[in-house]
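Down below is the structure, laid out as structure tokens.
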Amino acid sequence: MITRTTDGFGQLGERSQALRSKSSMPLRDGSRIAVIGAGPAGSMFSYFLLNMAESVALDLQVDLYEPRHFCHRGPAGCNHCGGVVSESLVQRLATEGIALPDDVVQRGLESYTLHMDVGDVEIATPLHESRIAAIYRGNGPRNSEPMDTHSFDGYLQQLASEKGARIVRQLVSDVRKHDDAMQVECADGSVDDYDLVVLASGVNSRLAKSLEDLAEEHVSPALTKTFICEFRLGKEVIRETLGPSMHVFLLDIPRLEFAALIPKGDYATLCLLGDDIDEELMDRFFGSPEVARCFPGGVIPRHICHCYPRINIRTARPPFGDRLVMVGDSGTTRLFKDGIGAAYRTAKAAARTVAFHGVSADDFREHYWPLCKKIDADNRVGKFVFWVGSLVQRARFARRGVLSMVAREQQQSAAPRRMSGVLWDLFSGSAPYTDVFLRTLHPAYVGSLVRNLVAANLPDKNRDLPRDPGEERA
Amino acid sequence: MATLGKEYKDREVIVRQGEAGNCMYVVQEGEVEAIAEVDGREMRLRKLGPNDFFGEMALFGAENRSATVRALGTARVLTIDKKSFLGGVQEDPSLAFRMVKVMSQRIRDLTDRLAEHHLKG
Ligand SMILES: Cc1cc2nc3c(=O)[nH]c(=O)nc-3n(C[C@H](O)[C@H](O)[C@H](O)COP(=O)(O)OP(=O)(O)OC[C@H]3O[C@@H](n4cnc5c(N)ncnc54)[C@H](O)[C@@H]3O)c2cc1C
């Protein structure tokens, strides 16, 4: 719960701007910061803030609150996600000097395999290099054997701790304004004062939601329910069936926006994203032959661990106030893609604001809010792109055209990979949706798509294309 | 355990001096050496290990590689695309902080070596 005090979070909204003090609130040596949640956003905020503070000789105290132990297997140690670290994030972290250790990477992914009723096609990474990391947020599925690998979130938390953040193993139950400071109360009743509170508790926590009841102007992120489950397949089977490829399904199932099967060490993670994933949708998905085809013998095994986490589909407004900022999912994220990448971007933008400017609502509005608005605007384009995707999902002739275009591009190594590139960036979340959309307007892309739509739908059995299982059955 | 990047065998060339380039690299595992080829002779510029980067000049305008870089033993290296890097720096200039720091250290090292060479010569 977050308690509203006499002045609540006053400076949270546009309407209270007039009341806001004009003065900035810079941090000083000894300033205290509470970061609530050590998911990617909280840990990366702590790490980068302490890094930047060190470079400007600012001595800060960062307390990172996290009740979860990421060394636990199953839901107790896990922040529920597909576990794909995008190509762009892998590259940005490497540029920052953060190379993901081998024992954190469950599998390096080299390609995407697109499954449709009209056939399957593999899209390889541009340089035939493992550029995408499949990780576990915790220490693997429920009831899994002890593994020689480690949690991604645990690794980031360790980086923050090595930079000087103090890990506080407590659930925060309340945040309130107290005179000129922020007060954080924990479930054990302990209370502490801070110069800044960073809310990085994600969307599966009650803490962020209660802001709505407290500050009239605050709108929490909009959420929808998703589904994740884990299959135990064994390394050998995974190598033979799934390989180092993420398997993406483009199926004619209403409300399903994205479905992917991600190979890890001995396990494979299945994620279903869309508009309120429910039993009916799941039954249709698991009943699809395209899904069964991915498993040994065409039989989908029982899953050993599952959850229904929520996902942020609209930015919190505004995701800041005086001495308060929301990063990662608590603030904003990319629609259905690269949530960890968005956590990194928002965490770093907030850290830059805090280290080089201050912690007033004005500081965040000027230096942090533009990034959130940029992500938000791109998500609106993303919504349109997913809508176009749903049209393709529904039209068999269009699916044939897409399959034909990708297959041809993958066969001819020197040819421009227009559709492959668009799908690659869409599946991997490596490029902004706006970028992806603009590329689909290129005359060469449109021309090639039209040619492939015609060619793929001509009744020519000799065409040099992947087999259409539908034709075979007919 | 699994890995990212691409593996190069001992003495395998990752980038060749004079060739066009549009990406930089970060060493993930093992070691690589940067070599200048002058009049057919090789001069080792530096040895690089995990988390070190090379080929960064290609990101900032220089089109041809200024040195050859090859693996010393088995090495694993990750490619950083020019577009992805510049897009990142445009959004977040602090992404280049570490590179600027390392590059200025490299300039300092070269200056020291040059001064030493002059004194000896
Ligand atoms: C089905 C699904 C699949 C996804 N797949 C991917 C993917 O493959 N790749 C990708 O990049 N993104 C993916 N995402 C998105 C990604 O999971 C999120 O964007 C990312 O986890 C956000 O990080 P965060 O740090 O903001 O929040 P979280 O990861 O949710 O972390 C919040 C942390 O805060 C802690 N916390 C909560 N409440 C409190 C409290 N009161 N006191 C103290 N601590 C608290 C929690 O224990 C947790 O550790 C997926 C999401 C879903 C739902």
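The values are calculated or read from the model by the stated rules, or taken from the named source; none is laboratory data. It should be emphasised that the depicted structure is a prediction, and the values quoted were computed from it without experimental measurement. Note that each Cβ is placed from the backbone with ideal geometry, even for glycine, and that neighbours are counted across all protein chains shown. What goes into the accessible areas is simple: the full protein's heavy atoms, side chains included, and nothing from ligands, DNA or RNA. Shrake-Rupley method; radii C 1.70, N 1.55, O 1.52, S 1.80 Å.
Structure summary
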{"item": "A:Gly339 vs. criteria more than 14 Å from chain B (Cβ to nearest Cβ), near the ligand (Cβ under 8 Å from one of its atoms) and not polar (S, T, N, Q)", "result": "yes"}
{"item": "Residue match in the stretch A:76-87 (condition: among the acidic types (Asp, Glu) and assigned to a loop (DSSP other than H, G, I, E, B))", "result": "no"}
{"item": "Counted residues, the stretch A:225-268 - those being open to solvent by 10 Å² or more (accessible area, probe 1.4 Å) and among the polar types (S, T, N, Q)", "result": "1"}
{"item": "Test: residue in the stretch A:241-257 that is away from the ligand (no atom under 14 Å from the Cβ), under 20 Å from the mean Cα position of the chain (by Cα) and of a type in the set (Ser, Thr, Tyr)", "result": "yes"}
{"item": "Residue within the stretch A:383-393 that is modelled with pLDDT of 90 or more and open to solvent by less than 10 Å² (accessible area, probe 1.4 Å) present", "result": "no"}
{"item": "Residue count for the stretch A:97-121, restricted to those that are in a strand (DSSP E or B) and facing chain B (nearest Cβ under 10 Å)", "result": "5"}
{"item": "Top-ranked residue of the stretch A:52-69 - restricted to ones that are in a helix (DSSP H, G or I) and buried (at least 18 other Cβ atoms within 10 Å of the Cβ), ranked as nearest to the ligand (Cβ to nearest atom)", "result": "A:Met52"}
{"item": "Candidates A:Arg352, A:Arg302, A:Arg314, filtered to the one that is open to solvent by 40 Å² or more (accessible area, probe 1.4 Å), more than 11 Å from the ligand (Cβ to nearest atom) and modelled with pLDDT of 95 or more", "result": "A:Arg352"}
{"item": "Cβ-Cβ under 6 Å pairs, at least 6 apart or on other chains, the stretch A:240-266 side within 14 Å of chain B (Cβ to nearest Cβ), far side of a type in the set (Phe, Trp, Tyr) and open to solvent by less than 10 Å² (accessible area, probe 1.4 Å)", "result": "A:Met246/A:Tyr112"}
{"item": "Residue count for the stretch A:122-135, restricted to those that are open to solvent by less than 10 Å² (accessible area, probe 1.4 Å) and either more than 9 Å from every other protein chain (Cβ to nearest Cβ) or over 30 Å from A:Ala407 (Cβ atoms) (or both)", "result": "3"}
{"item": "Test: residue in the stretch B:28-48 that is crowded, with 16+ Cβ neighbours inside 10 Å and basic (Lys, Arg)", "result": "no"}
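Matching residues to (1) more than 14 Å from the ligand (Cβ to nearest atom); (2) within 30 Å of A:Arg396 (Cβ to Cβ):
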| position | (1), (2) |
| --- | --- |
| A:Leu89 | no, no |
| A:Asp102 | yes, no |
| A:Val105 | no, no |
| A:Leu114 | yes, yes |
| A:Asp117 | yes, yes |
